1. Which one is modelled with the highest pLDDT among residues in the stretch 163-186 that are more than 16 Å from ligand 2 (Cβ to nearest atom) and buried (at least 18 other Cβ atoms within 10 Å of the Cβ)?
2. Taking the criterion of being closer than 17 Å to PHE39 by Cβ, free of Cβ contacts under 8 Å to residues at least 60 places away in the same chain and not acidic (Asp, Glu), would at least one residue in the stretch 122-134 satisfy it?
3. Please name all residue pairs, on different chains or six or more residues apart, with Cβ atoms under 8 Å, provided the first residue is in the stretch 62-73 and is within 16 Å of ligand 4 (Cβ to nearest atom) and the second residue is not in a strand (DSSP E or B).
4. Of the residues ALA219, ALA267, which single one is touching a Gly at 6+ places or on another chain (Cβ under 6 Å), away from ligand 1 (no atom under 12 Å from the Cβ) and without any contact (Cβ under 8 Å) to a residue 40 or more places away in the chain?
5. Quick one: in the stretch 222-257, of everything that is in contact (Cβ under 8 Å) with a residue 60 or more places away in the chain and polar (S, T, N, Q), which residue is surrounded by the most Cβ atoms within 10 Å (Cβ to Cβ)?
6. Which one of these is at negative phi, in contact with a helix residue (DSSP H, G or I) (Cβ under 7 Å, 6 or more places away or on another chain) and open to solvent by 60 Å² or more (accessible area, probe 1.4 Å): ARG95, ARG62, ARG31?
7. When you go through ALA50, ALA40 one by one, which is the residue that is away from ligand 3 (no atom under 16 Å from the Cβ), within 29 Å of THR263 (Cα to Cα), touching a residue at least 60 places away in the same chain (Cβ under 8 Å) and under 16 Å from the mean Cα position of the chain (by Cα)?
8. Criterion first (under 23 Å from the mean Cα position of the chain (by Cα), within 16 Å of ligand 1 (Cβ to nearest atom) and without any contact (Cβ under 8 Å) to a residue 12 or more places away in the chain) does GLN204 satisfy it?
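The values are calculated or read from the model by the stated rules, or taken from the named source; none is laboratory data. Bear in mind that the values here come from a model prediction, so they are computed numbers and not experimental data. Reconstructed Cβ throughout: ideal geometry from the backbone, glycine too, with neighbour counts over all protein chains shown. Surface accessibility is based on the protein's heavy atoms, side chains included, excluding ligands, DNA and RNA. Shrake-Rupley method; radii C 1.70, N 1.55, O 1.52, S 1.80 Å.
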Amino acid sequence: AKRGGRNRHFTFDPALIEQLEDRRAMESDLRRAVMREDFAVVYQPVMDTASGECTGAEALVRWNCSDRGDVPPSKFIPMAEELGLITRIGSQVLRRACIDAASWPDKVAVSVNVSPVQLMDPRLPQTVTQALEESGITPARLELEITETALLGNDEEALQMLKQISGMGVRISLDDFGTGYSSLSYLHRFPIDRIKIDRSFVAQLPDDPGSASIVRAIAQLGVSLDMRITAEGIETAAQHDFITKHGCSNMQGYLFSHPVPHTQICALFDSKAPR
Ligand code: C2E
Ligand code: CA
Ligand code: CA
Ligand code: CA
């Protein structure tokens, strides 16, 4: 809207109106997708640095909308969070992931992303229990990935729920570490089993001294706090070498594999990391 002369009047930009209409249309498509459980889950392998074997996989949601084609999570997850739909999407992904993991080798864990909005829902522990019971996988094979943002505001409730879930034997990872309001006190207060070093640091390895120091420091933190460390977004052999030398326990990235459908991931469980 533009401000006019002395008598304020508004002229609406047609492009803006179109944008709002587009958004409305996408919201209603998203609601429909949630009702129909129209989401797919793909998996990106997590490699064990020491053995070079695939010992886990991260579940990533996909929405292939009949009218829009593939909509990236970066577009529809924030919308789902605003509309209060993320809890239902999240539990659909969690259930699917656990059922798929039930057919994998026992050494392969599955990790599932949990939105900060889901961490405010008191039914989360029950949703997790149900997904475990329904699939029959042991709690130790499930990992939930949370972000620092989730720990910021509502901490007391989130803390109690995470303790309950952790008490069941499910592991908790802190995703995108270093990008949010990182505070070392989270690592101490919350039952965190793993730190995932954000891709933005890994992307600048090995040449950028700042990123190199940060990655080294987080790896050392992992040793002293007895946490596992995953470096994500590994795309090059040079990044792989750096991470191997500096003691991160796990690696993920396009160098090993893009996220793939369930039917394809099983073939990767026997493969070794490239050297
Ligand atoms: P994330 O949890 O940090 O997931 C990693 C993202 O990086 C994925 O993007 C993955 O495909 C991408 N990636 C993996 N390796 C590489 C690499 O080597 N290079 C580059 N450039 N990218 C790599 P994706 O699947 O588009 O997901 C984006 C974000 O959407 C996720 O970031 C996560 O925050 C969110 N998301 C995805 N699935 C879910 C879900 O089921 N629930 C929730 N709450 N959020 C999800
Ligand atoms: Ca993640
Ligand atoms: Ca991440
Ligand atoms: Ca991310």
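1. Top of the filtered list is ILE165.
2. Initially, the stretch 122-134 is screened for residues closer than 17 Å to PHE39 by Cβ, giving 127, 131.
Next, from what is left, pick out any that are free of Cβ contacts under 8 Å to residues at least 60 places away in the same chain: 127, 131.
Imposing the further condition that a residue be not acidic (Asp, Glu) reduces the set to 127, 131.
Yes, that holds for at least one residue.
3. ARG62/PRO73
4. Within the list ALA219, ALA267, the selection yields ALA219.
5. Only one residue tops the list, namely THR230.
6. Exactly one of ARG95, ARG62, ARG31 is at negative phi, in contact with a helix residue (DSSP H, G or I) (Cβ under 7 Å, 6 or more places away or on another chain) and open to solvent by 60 Å² or more (accessible area, probe 1.4 Å), namely ARG95.
7. On the way: ALA50 fails: under 16 Å from the mean Cα position of the chain (by Cα).
Answer to the check: ALA40.
8. Spelling it out, GLN204 is indeed under 23 Å from the mean Cα position of the chain (by Cα), within 16 Å of ligand 1 (Cβ to nearest atom) and without any contact (Cβ under 8 Å) to a residue 12 or more places away in the chain.
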